[in-house]
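The values are calculated or read from the model by the stated rules, or taken from the named source; none is laboratory data. What you are looking at is a predicted structure, and each value in this text was computed from that prediction instead of being measured. So basically every Cβ, Gly included, is an ideal-geometry build from the backbone, and we count neighbours across all protein chains shown. The accessibility values were calculated without ligands, DNA or RNA, using every heavy atom of the protein model including side chains. Shrake-Rupley method; radii C 1.70, N 1.55, O 1.52, S 1.80 Å.
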Amino acid sequence: MKPTRLIVVFVLCLLVAGCASTNYSAFEGGRIVEGTGGTKKTVDGIDIWNNGSPPRKFKVIGIIDDVRRQSLIGMAGYEGALVKKAKEAGGDGIIFLDSHSELVGYYNSGESGTANTTGSAYGYGNTAYYQGQTTYQSYGSTTSAIRDKITKVAVIKYVE
């Protein structure tokens, strides 16, 4: 890989990694509800409810909106960011409300091609002659979709 391509890839990685935002908003007026059960896993003391809700009484104390680039680098720390925000808010768990991806653009990479000329020149008297050949080599390019993952979760506090 050419040094200029390495620099471009490095800059793109930095941009992609910096495209994440995880914002918490307090929820006012939440009433106490009792869930019906579902699937959960616990990460760093926070229950993550992917399908369903806790089979116990709880109250919604806030909402987390998370937007990040849907790539290996962009998704690194996704779950950890949600858990960190829930902990900071004093929550016991999160319930996924919505998660989808959105097309935000395209990235095109590749080179169009190079031209190479080879030949020989010679002179005779006051006249110069050139005889040669030009070859053109085309390189392929790749177009990739750029997507953002948009997630909304409820931060909950267990009651009792």
Worksheet item: What aspartates and glutamates could a cross-link reach from Lys152, if we take a straight Cα to Cα line under 15 Å and drop same-chain neighbours fewer than 8 places away?
Response: Asp65, Asp66, Glu79, Asp98, Glu102
Worksheet item: Dipole of the range 34-105 (Lys/Arg Cβ +1, Asp/Glu Cβ -1, origin at the Cα centre): which of Gly91, Met75, Gly105 lies farthest to the positive side?
Response: Gly91
Fill in: Ile48 long-range amide H proximity, modeled H, under 5 Å
Lys41, Thr42, Val43, Ile94
Worksheet item: Accessible surface of Glu79 in the full protein assembly, 1.4 angstrom probe, to the nearest 10 Å²?
Response: 70
